[in-house]
Amino acid sequence: MKIILETERLLLRELTQEDYPMLSAILQDPQTMYAYEGPFSDEETQAWLERNLKRYKEDGFGLWAVVLKETGAMVGQAGLTWQSIGDTKVLEIGYLFNRAYWGKGYATEAAIACKHYAFSVLQAQEVYSIIRDTNSASMHVAMRAGMQVRTRFTKHYRGVDMPHLAFFVKRDDMHT
């Protein structure tokens with residue numbers, strides 16, 4: 001188990017195939033996945049996991065398992081991935097948590113740790129969080145992580161045009 005980051009309450013480590021059941025609990029929950037136009041199938045969940053395992057090899061980072069130090073329970077995932085905003089490739093902080101653990105500050109804690117990792121380890125000049133315009137909880141996490149809206153754009157995903165906001169913070173602006 002490769003631990004990437006540690007915060008006061010959390011460990012962020014690489015996902016493994018053994019995390020599939022906990023990942024399914026997140027990605028197959030209709031309420032959690034409303035911003036993705038519904039829950040993932042078993043095949044989509046496995047593809048999500050494999051995509052992150054591939055990212056670790058190719059990019060050296062991806063979405064990581066978020067584990068509570070106190071219990072060892074995997075409560076979500078957070079990390080860094082390359083994403084596109086139009087024709088521009090950006091480094092994104094992503095986070096997605098099991099609904100049972102919402103409202104406890106874990107997403108914000110993980111997002112801030114990922115931001116610091118992007119700036120200190122990856123030497124990124126800026127990072128983004130791309131959030132569907134109906135996902136106010138994720139927007140609040142981005143703002144608490146010191147980000148602000150840079151642009152609005154539409155993503156076509158699962159057959160639907162979805163308005164999104166691109167939150168960002170520059171390395172020079174980092175104070176959180």
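The values are calculated or read from the model by the stated rules, or taken from the named source; none is laboratory data. Because the structure is a prediction, the values reported are computed rather than measured. Methodologically, a virtual Cβ is constructed for each residue, glycine included, from the backbone with ideal geometry; neighbour enumeration extends over all protein chains shown. With ligands, DNA and RNA removed, areas are computed over all heavy atoms of the protein, side chains included. Shrake-Rupley method; radii C 1.70, N 1.55, O 1.52, S 1.80 Å.
Annotation for segment 1-30: trypsin sites (Lys or Arg not before Pro) lying in DSSP loop with at most 13 further Cβ atoms inside 10 Å of their Cβ are Lys2. For Gln46, project a label point 7 Å along Cα to C-beta. Then give me every residue of segment 15-32 with its amide nitrogen under 11 Å of that point. Flagged as within label range: none.
Heavy atoms only, 1.4 Å probe, whole protein assembly: order Arg158, Arg55 by accessible area, highest first.
Numbers: Arg158 85, Arg55 45 Å².
Ranked list, largest accessible area first: Arg158, Arg55.
For volume of the Cα convex hull per residue in Å³, one of (1) 114; (2) 99; (3) 129 was computed from the structure I shared and the rest are decoys. Which label? Of the labelled values, this structure produces (1).
Near Gly76, the amide H atoms lying under 5 Å from its own belong to Val66, Asn98; only residues 5 or more places off or on other chains count, and H is placed 1.01 Å from N.
If a/c stays under 1.5 just call it rounded; otherwise compare a/b with b/c (prolate if a/b is bigger, oblate if not). Do that for segment 6-60, with a ≥ b ≥ c from the square roots of the Cα gyration tensor eigenvalues. Since a/c reaches 1.5 but b/c is at least a/b, the shape of segment 6-60 is classed as oblate. Remark: for residue pairs Lys57/Lys104; Lys2/Lys89; Lys2/Lys155; Lys57/Lys155; Lys104/Lys155; Lys89/Lys155, the C-alpha separation exceeds 23 Å in Lys57/Lys104; Lys2/Lys89; Lys2/Lys155; Lys57/Lys155; Lys104/Lys155.
Could you look at segment 109-164 and say what percent of its accessible area is carbon and sulfur, using a 1.4 Å probe and all protein chains? Please list the in-between numbers first.
Numbers: 1420 of 2750 Å².
It is 52 percent, rounded to a whole number.
So, in Å, what gap is there between the alpha-carbon centers of segment 44-85 and segment 123-162? Cα centres, segment 44-85 to segment 123-162: 18 Å.
If you rank His156, His116, His140, His164 by how much accessible surface each has, with a 1.4 Å probe, what is the order from largest down?
Numbers: His156 130, His116 65, His140 90, His164 15 Å².
Largest accessible area first, the list is His156, His140, His116, His164.
Cβ-Cβ distance of Lys69 and Thr16, R₀ of 22 Å, FRET efficiency by 1/(1 + (r/R0)^6): the value works out to about 0.75. Here the Karplus relation 6.51 cos²θ - 1.76 cosθ + 1.60, evaluated at θ = phi - 60°, turns the backbone of segment 103-118 into coupling constants of x, 10, x, 5, 5, 5, 4, 5, 4, 5, 4, 5, 4, 4, 4, 4 Hz, with x for every Gly and Pro. Averaged per residue, the chain has 50 square angstrom of accessible surface, using a 1.4 angstrom probe with ligands and nucleic acids left out. Find, among the trypsin sites (Lys or Arg not before Pro) in segment 89-155, those assigned to loop by DSSP (not H, G, I, E, B) with at most 14 other beta-carbon atoms within 10 angstrom. Loop-located and lightly packed - Lys104.
Counting only other residues whose beta carbon sits under 11 Å from that of Ser24, what net charge do I get with K and R as +1, D and E as -1? The partial results should precede the final answer.
Working: positive: none; negative: Asp19, Asp29, Asp42, Glu44.
Net charge in that neighbourhood comes out at -4.
Solvent exposure of Thr154, expressed as accessible area, is near 90 Å², computed with a probe of 1.4 Å over the protein chains only.
Couplings for segment 164-172, taken from phi via the Karplus curve 6.51 cos²θ - 1.76 cosθ + 1.60 with θ = phi - 60°, read 10, 10, 9, 8, 8, 8, 8, 3, 5 Hz in order; Gly and Pro are left as x. Computed from phi, the 3J(HN,Hα) profile of segment 85-93 under the Karplus parametrisation 6.51, -1.76, 1.60 (θ = phi - 60°) reads 10, x, 9, 9, 8, 10, 8, 10, 8 Hz, with x in place of Gly and Pro. Using heavy atoms of the protein chains and a probe of 1.4 Å, the accessible area assigned to Glu18 is about 150 Å².
Charged side chains reduced to their Cβ positions (Lys and Arg at +1, Asp and Glu at -1) give segment 43-110 a dipole of some 160 debye around its Cα centre. Using a ≥ b ≥ c from the Cα gyration tensor of segment 39-120 (square roots of the eigenvalues), is it rounded, prolate or oblate, where a/c under 1.5 gives rounded and otherwise the larger of a/b and b/c decides, a/b for prolate? Oblate, because a/c is 1.5 or more while a/b does not exceed b/c.
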